[in-house]
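The values are calculated or read from the model by the stated rules, or taken from the named source; none is laboratory data. Remember, it's a predicted structure, so these values are computed and weren't measured experimentally. All Cβ positions, glycine included, derive from the backbone under ideal geometry; neighbour counts span all protein chains shown.
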Amino acid sequence: MTRNRFSENTWYAANLREVSKRPIANCPSNGNLHLIRLEFEIYEIYENRGMLISRGELASQDVVIGDFIDPAKDAGIFQFSSVLGLKKPQDLNAWLSLCRNDIWLKLKFAEVENESIGRNPFDYFESFEPGEYEIKKTSFDPSKKWVRVKHAAEIMNKSESTIRRRCNEWEAKGYPVTRRTKGNHREINMPLLYNLEPDENR
């Protein structure tokens with residue numbers, strides 16, 4: 001599932017950032033069963049400009065492998081292993097070693113399944129070669145969603161007062177771009193602010 005909400009029926013490029021083993025609360029004692037999370041950084045594709053521009057947002061997909069699952073008969077495992085080039089999809093270490101390579105996908109997102117969560121799952125994906133594109137990354141770490149006002153100002157190359165004013169304007173329009181910490185410090189949803197003001201930072 002994605003950490004953010006993306007447009008449906010739109011092609012995105014996705015760069016694999018991390019593969020990790022996740023805990024399973026009800027894992028059986030007999031046999032091996034592993035929950036694997038694949039985490040991607042999402043890029044918008046600008047064909048006319050020959051560019052891939054990061055949205056500063058992450059999307060993830062969870063896959064379960066193990067002794068009880070036949071990769072050849074499981075559609076989800078089969079699709080991922082085929083696109084990612086895995087020769088031994090039942091091997092945990094084969095999945096974990098994927099991050100050693102610069103792997104890209106081209107994908108579309110499906111409709112949101114649960115509005116309370118507000119995240120849409122992967123719909124379709126295929127292998128992708130970004131060699132002919134100029135790749136523009138963000139100047140912030142997409143995995144660190146919330147940042148202080150000072151940090152946001154540095155990223156956006158704006159004054160702190162401008163960042164506060166812009167956040168107030170976006171919040172007045174219904175966008176949750178800030179939150180308060182327990183110490184009542186204001187934090188900025190950096191990926192959201194970044195994508196609300198694309199003309200200023202792209």
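Here 119, 100 are screened, and the one residue that is at pLDDT below 90 and either aromatic (Phe, Trp, Tyr) or over 16 Å from the mean Cα position of the chain (by Cα) (or both) is 100. When residue 94 is tested against the conditions (1) at pLDDT 90 or above; (2) closer than 28 Å to residue 155 by Cβ, the lone failure is (2). When only residues in the stretch 140-150 that are touching a residue at least 40 places away in the same chain (Cβ under 8 Å) and either among the aromatic types (Phe, Trp, Tyr) or surrounded by 14 or more Cβ atoms within 10 Å (Cβ to Cβ) (or both) count, which is farthest from residue 86 (Cα to Cα)? Filtering the stretch 140-150 for residues that are touching a residue at least 40 places away in the same chain (Cβ under 8 Å) and either among the aromatic types (Phe, Trp, Tyr) or surrounded by 14 or more Cβ atoms within 10 Å (Cβ to Cβ) (or both), the one farthest from residue 86 (Cα to Cα) comes out as 148. Of the residues 78, 128, the single one that is under 26 Å from residue 64 (Cα atoms), surrounded by 12 or more Cβ atoms within 10 Å (Cβ to Cβ) and in contact with a strand residue (DSSP E or B) (Cβ under 6 Å, 6 or more places away or on another chain) is 128. Return the residues of the stretch 151-178 that are more than 17 Å from residue 140 (Cβ to Cβ) and touching a residue at least 12 places away in the same chain (Cβ under 8 Å); say none if nothing qualifies. Result: 164, 170, 175, 176. Among the residues making up the stretch 51-94, a single one is farther than 17 Å from residue 138 by Cα, in contact with an Asp or Glu (Cβ under 9 Å, 6 or more places away or on another chain) and among the small types (Gly, Ala, Ser): 60. Only residues in the stretch 114-125 that are surrounded by fewer than 12 Cβ atoms within 10 Å (Cβ to Cβ) count as the first member; pair them with residues that are at pLDDT below 55, Cβ under 8 angstrom, at least 6 apart or cross-chain, and list the lot. Within 8 Å, the pairs are 117/1.
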